[in-house]
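The values are calculated or read from the model by the stated rules, or taken from the named source; none is laboratory data. These figures come from a predicted structure and were not determined experimentally. Cβ sites come from the backbone with ideal geometry, for glycine too, and all protein chains shown count toward neighbours. Note: accessible area is taken over every heavy atom of the protein model, side chains too, but ligands, DNA and RNA are not part of it. Shrake-Rupley method; radii C 1.70, N 1.55, O 1.52, S 1.80 Å.
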Amino acid sequence: MTERRARGTSPGGRGDRRTSRAARSRPSHLDAPGRPAAAKRTTRRRPESATGTKRKTGGKLDRNEHTILGLSTGKAVVLAAVLCGLALTLAVPTRTYFSQRAEATALAQQRAELDADLAALRDRRAQQEDPAYIRSEARDRLRLVMPGETPYIVQVPGIEAPAPPPMSTRTAAPDPWYTDLWRSISEPAPEGPR
């Protein structure tokens, strides 16, 4: 046991257990040979109240971590990743839901229009099956009369259709030269006597 203390090791064999303050107070001539004194790393201990990075909780020293919305940074990152994954998972079904909802609304409107058209066509069919309607349409549109009736057509001056304009007596302009050329190429020449 005396050998260990003489070598400067602890009973656990962990090497020299000097504090940083003791290491700083060593003279520079005791430094390792070949290592300059300026290259040594010195750490300075700040008081706990000045740094604000450590606090005592239940006898332990904990680092004061940054918080986002009351969560530590790591937990906030995990929460953000979960929320992004959830948003991406729900984006496609939500878009599908809204597109199908709009399509259903358009189809319902189209069906209402078709139902109105169908009702109008049924009314028109019922109207056309009525003999009185058929008679009135035959008189108005086709100018037909019942047997034994005499039809009269009243012509009011100025209502008649205008007479067609007279045909012009101008002669047609001759065809351009390229039309004559095309005709001579496309039509066979008349055969003469052999």
- Looking at 135, 141, which is the one that is loosely packed, with under 10 Cβ neighbours inside 10 Å, part of a helix (DSSP H, G or I) and more than 46 Å from the chain's Cα centre (by Cα)? 141
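For region 90-116, what are the residues that are over 26 Å from the mean Cα position of the chain (by Cα) and open to solvent by less than 90 Å² (accessible area, probe 1.4 Å)?
112, 115, 116 - these are the residues of region 90-116 that are over 26 Å from the mean Cα position of the chain (by Cα) and open to solvent by less than 90 Å² (accessible area, probe 1.4 Å).
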